Amino acid sequence: MLKAADELAAAVRARDLDALLRLVAPDGVPCIDSMVSRQELKRQLRAPDTFLGAYFFAPEVFKTQFADPLTKISFAEFVATARDVRVAVTGKQHPLHTCVHFTASNIGSTPLFCFRRVRDRWSWRDLPNCA
């Protein structure tokens, strides 16, 4: 599972959309009571004026359009500026659903990502700002 978290950070750091999409299950990513399809997710990630596009690939847009007291910086900014990054599994976890926090010595924000086991891989369980 920690490998999936490392793959997520590496994909964002490299601004590699295809690598990021490898963390998406064939049926997409659950969002409240529906699924965000791979196609829709790809569309949103490509567009810097969407929350997801800005959060993962356009930190300058995120800062001006989406930052708020709960989500002060984008994950793209986090991975670009973080020092001494650590990934920690949060609390007691279900073997098929696990969440991790990214922490850094120089950033107070601790991005949280949850993953689910789909077949033989870990995939995103939910999306930031899922609504």
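The values are calculated or read from the model by the stated rules, or taken from the named source; none is laboratory data. Everything quoted here is computed from the prediction, not taken from an experiment. Positions of Cβ are generated from backbone atoms using ideal geometry, with glycine treated the same way; all protein chains shown enter the neighbour counts. Note: accessible area is taken over every heavy atom of the protein model, side chains too, but ligands, DNA and RNA are not part of it. Shrake-Rupley method; radii C 1.70, N 1.55, O 1.52, S 1.80 Å.
For the chain, the number of Lys pairs with C-alpha atoms closer than 25 Å, counting only pairs eight or more positions apart or on separate chains, is 5. For the residues ASP33, ASP84, ASP18, a GNM of the chain with alpha-carbon springs under 10 Å puts the largest fluctuation on ASP33. What the chain shows is 56 Å² of accessible area per residue, with the surface traced by a 1.4 Å probe over protein heavy atoms. Simple spin-label estimate for ARG43 and GLU60 gives 2.7 nm between the two label positions (7 Å along the Cα-to-Cβ direction from each Cα).
Rounded to whole numbers, the Karplus 3J(HN,Hα) couplings from phi for segment 99-116 are 10, 10, 10, 9, 10, 9, 5, 10, 10, x, 5, 10, x, 10, 9, 10, 10, 10 Hz, using 6.51 cos²θ - 1.76 cosθ + 1.60 with θ = phi - 60°, and x at Gly and Pro. Taking only protein heavy atoms and a 1.4 Å probe, the accessible area of segment 1-119 is 52% carbon and sulfur.
For Rg/Rh (Cα atoms, Kirkwood Rh), the candidate list reads (i) 0.93; (ii) 1.00; (iii) 0.97; the entry that matches the value derived from this model is (i). Among the trypsin sites (Lys or Arg not before Pro) within segment 54-99, those in coil by DSSP and having at most 11 neighbouring Cβ atoms inside 10 Å are ARG83, LYS92.
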